[in-house]
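Taking it in order: structure first as structure tokens, then the write-up.
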């Protein structure tokens, strides 16, 4: 229900924008994307499995974005990226850690942007919209202490997306785009153990995404 409500908000905002004349119609951007998951969560379980924390290190990935201009100052950006942050498991209370397992994360965003200086060579913009983040399961997780974790299954989640950035025009049809997004959400995750019962928790994953890429303007 939450993801459908966010989608309706974005669609309503788009429909509410009057169709004024515009110079730019469409931008296409390919970029390198740094994602810091800014994450934390704790799995609580009884013997023989002890409680443990999970977090993720930031990682560099790639992404693509299409930006449709509704007016000279308002556009709708649809973007997707893929990154594989490294999961870190830390036992309690011993503090033993293990890493080396990557989780594929695919953030998809639909953002309505307001361009502050649309006619300038420097195109500053701010925006807000919706995000849907796809997660792959953490399989063959390395043992941390006596955890014997077989896998950690993450549920896809939707949330708000806040956006700001700038485009630096090189020519009329080519630009460098620097972009930042923040997506606060919590994903439900289930730890599957080799022995003992499974345990489920909410993992806070608030991705901060910074990208730099080349943009073709049409």
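The values are calculated or read from the model by the stated rules, or taken from the named source; none is laboratory data. Worth saying up front: this structure is predicted, and the values here are computed from it rather than measured. As a convention, Cβ positions derive from the backbone with ideal geometry for all residues, glycine included, and neighbour counts pool all protein chains shown.
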### Task
Output the residues belonging to region 196-212 that are farther than 14 Å from residue 152 by Cα and surrounded by fewer than 19 Cβ atoms within 10 Å (Cβ to Cβ).
196, 204, 206, 208, 210, 212
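Taking the conditions exactly as written (modelled with pLDDT under 80 and surrounded by fewer than 17 Cβ atoms within 10 Å (Cβ to Cβ)), does residue 21 satisfy them or not?
For residue 21, the condition - modelled with pLDDT under 80 and surrounded by fewer than 17 Cβ atoms within 10 Å (Cβ to Cβ) - is met.
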### Query
Limited to region 24-41, what total is found for residues that are within 16 Å of the chain's Cα centre (by Cα), at pLDDT 85 or above and surrounded by fewer than 14 Cβ atoms within 10 Å (Cβ to Cβ)?
1
### Query
If a residue has to be outside any loop (DSSP other than H, G, I, E, B) and within 27 Å of the chain's Cα centre (by Cα) to count, how many in region 179-198 make the cut?
11
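Of all strands (runs of 3 or more DSSP E) completely enclosed by region 90-164, which ones contain at least 1 residues that are under 16 Å from residue 73 (Cβ atoms) and at pLDDT 90 or above?
It comes to 105-115, 122-135.
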